[in-house]
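Take a look at the structure set out below.
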C-alpha cells in the first residue's frame, strides 16, 4: 500500500476540495491557501500540459516573462561579458561575471547558480557548455532572453522575477509563480500574467485544445486543477 503523509491526508479533507475538479483561478489559489503548510516558505508552481508536439520545430513553446509580483526568491545570476558590458552587469546586480575563466569553472562542473546570461560576443565561451548547462535548463538562449547585448537589463529583470519556460518532450511546462507567503492577489496576478503570456506565444501550427491541463501546487501540496478557457 502506498504511504500517504499526514499532510496530504489532511489536504484531501480540506472543505471544498475535490480531486480532479477544475477550479477558477481565484478559487484554486484560495484552496491552496487552506492546505496545510510546511515549515518553510514553499514555492508555488504552475504546471501546464499543452496541446503541442515539441518534436516539431514549428510547435516549440519557449520563452521568458517578467511576473508582476516577482517570485519571492533571491536568484543567483552569472553573466558572460567583458569590458563595459561586464561592468554594467555587475552594477545591475550580477553575482559573477567572466569569460574564459567562468567557462572553465562551469565546464569543471560548477552549476550553483539559477540564471546564466551571455552577451552575443561571448558565445564562443558558452557554446561548448551545452552538455553541462543543457540538462539543467541553464543554457543561455536568445528565445529565453538570456543571450542579449543588453546584459544589465537582463540581470535586473531576472533578479526582479523574470522566469524562463520551455515545453518538455511531453508538452509540459513547469514555472514557479511565487511563494506560499504571497497574498492571494499577488499569486493570482502572477498566474494570470503567465497564462496570458503563454497563450500569446501559441504556435500557429498548433490546432485543437492548447491548454489541455493546468495544475497549481506548492512544494509539499496536492495539485489543484485550474480551469483555463
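The values are calculated or read from the model by the stated rules, or taken from the named source; none is laboratory data. Just so it is clear, the model here is predicted, and its values are computed rather than measured. Glycine gets a Cβ as well: all are built from the backbone with ideal geometry, and neighbour counts include every protein chain shown.
For this structure, a couple of remarks:
- Every listed requirement among (1) in a loop (DSSP other than H, G, I, E, B); (2) not assigned by TED's automatic domain parsing to the domain that holds residue 177 is met by residue 8 save one, (1).
- Taken as a whole, region 13-21 holds no residue that is within 24 Å of residue 172 (Cβ to Cβ), buried (at least 18 other Cβ atoms within 10 Å of the Cβ), outside the structural domain of residue 147 (by TED's automatic domain parsing) and in contact with a helix residue (DSSP H, G or I) (Cβ under 9 Å, 6 or more places away or on another chain).
- Criterion violated by residue 65 - all others in (1) modelled with pLDDT under 95; (2) assigned to a loop (DSSP other than H, G, I, E, B); (3) under 29 Å from residue 196 (Cα atoms) satisfied: (2)
- Filter result (assigned to a loop (DSSP other than H, G, I, E, B) and either at pLDDT below 95 or assigned by TED's automatic domain parsing to the domain that holds residue 64 (or both)) within region 113-138: 114, 134, 135, 136, 137, 138
- Residue match in region 184-201 (condition: farther than 22 Å from residue 71 by Cα, in contact with a strand residue (DSSP E or B) (Cβ under 7 Å, 6 or more places away or on another chain) and surrounded by fewer than 16 Cβ atoms within 10 Å (Cβ to Cβ)): no
- Within region 34-55, tally of residues that are surrounded by 14 or more Cβ atoms within 10 Å (Cβ to Cβ) and either over 30 Å from residue 204 (Cβ atoms) or touching a strand residue (DSSP E or B) at 6+ places or on another chain (Cβ under 7 Å) (or both): 14
- For residue 160, the conditions (1) crowded, with 18+ Cβ neighbours inside 10 Å; (2) modelled with pLDDT under 95; (3) under 22 Å from residue 69 (Cβ atoms) are fulfilled apart from (1).
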